[in-house]
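Written out below as structure tokens is the structure these notes cover.
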């Protein structure tokens, strides 16, 4: 069967945008999935700045310490006396406790959280910011 290359055929004058729409949608999904999502907590603390930082594990409980001496577990205020019981209630299979402490927090607050984590066999990670990357 020979191919017909004669100029008697009319050229196609319409262009389908369906393929381009699919490509744009896939690019949008790609950029949304690969962009870095940094969870912004509702508790305002000034994290200490260091030269290097490590990634945060998804299987963790966050405890925030404010300069006023308040404790927050996963964004909810908790009195110091109930810190261990609150962590025990919220813990499922988490092995890490992320401590988001204000620069001006007292060392006693650090010790309280570390002691609560040790009572629950959890490792404590201290959240910091890279030097020069303040909010």
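The values are calculated or read from the model by the stated rules, or taken from the named source; none is laboratory data. As the structure is a computational prediction, the values presented were derived from the model and not from experiment. Positions of Cβ are backbone-derived with ideal geometry, glycine not excepted, and every protein chain shown enters the neighbour counts.
The set of residues in the stretch 64-122 being in a strand (DSSP E or B) and loosely packed, with under 15 Cβ neighbours inside 10 Å consists of 76, 77.
What about residue 40, is it exposed (fewer than 12 other Cβ atoms within 10 Å of the Cβ), at pLDDT 60 or above and either closer than 24 Å to residue 129 by Cβ or out of contact with any helix residue (DSSP H, G or I) (no Cβ under 9 Å at 6 or more places or on another chain) (or both)? Criteria not met by residue 40.
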